[in-house]
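Q: Quick one: structure below, then a few questions.
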């Protein structure tokens with residue numbers, strides 16, 4: 001799949017995908033591989049808010065999403081960085097607009113069976129009631145990931161190969 005017109009190397013690399021798709025791990029590896037700073041949106045929120053994502057969710061998902069949008073507004077204004085988003089970032093078209101303004105959006109698509117095999121539901125607020133919730137989230141979010149991505153990478157092999165595939169895409 002060719003890159004969409006207008007991508008320049010001075011843009012951000014934005015990773016979207018389901019919880020457990022590998023966005024954070026891939027972001028860390030890409031940061032080292034490409035020499036770019038990584039901003040993990042959830043970690044950024046935890047640092048700036050002084051509370052965990054799970055704690056923020058206790059106030060309500062809408063409350064968390066407002067904080068997430070504020071964080072994305074800050075992070076997306078940076079230049080030449082890697083941004084690892086939370087799984088629900090795509091629920092807000094405004095988030096996507098901000099990320100797209102300065103970035104190439106890459107959907108990390110990991111097979112659901114792989115996610116289910118090793119996801120830690122304890123640290124993920126929307127999955128606290130069990131892994132079955134992942135199927136519901138997948139049905140809700142998959143069309144949005146497909147709609148908003150510039151490029152889709154299947155994460156079904158060695159993670160280093162996935163990073164190589166993304167870096168080859170970026171360095172074309």
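Q: In whole percent, what relative contact order does the chain give with Cα contacts below 8 Å and a gap of six or more residues?
A: Taking the mean separation of contacting Cα pairs over the length of the chain, I get 33 percent.
Q: Note the listed values (1) 1, 8, 19, 23, 22, 16, 8, 3, 0; (2) 1, 8, 15, 15, 11, 9, 8, 8, 7, 7, 5, 3, 2, 1, 0, 0; (3) 1, 8, 17, 20, 20, 16, 11, 6, 1, 0, then indicate which one is P(r) over Cα pairs in 5 Å bins from 0, in percent calculated from this particular structure.
A: Read-out from the structure maps to (1).
Q: Got a sec? How would 162, 14 order by Cβ neighbour count within 10 Å, fewest to most?
A: In order of increasing Cβ crowding within 10 Å: 162, 14.
Q: For 18, 98, which order do you get if you count the other beta carbons within 10 Å of each Cβ and list the fewest first?
A: Ordered by Cβ neighbours within 10 Å, fewest first: 98, 18.
Q: Would you kindly state how much longer the chain becomes between residue 164 and residue 94 on full extension, computed as 0.36 nm times their sequence separation minus their alpha carbon distance, in nm to one decimal?
A: Net length gain for the segment: 22.2 nm.
Any read-out appearing in this document is the output of simple, stated calculations on the displayed coordinates, not a laboratory observation. Here the structure is a predicted model, which means the values were calculated and not measured. All Cβ positions, even for glycine, are placed from backbone atoms using ideal geometry, and neighbour counts span all protein chains on display.
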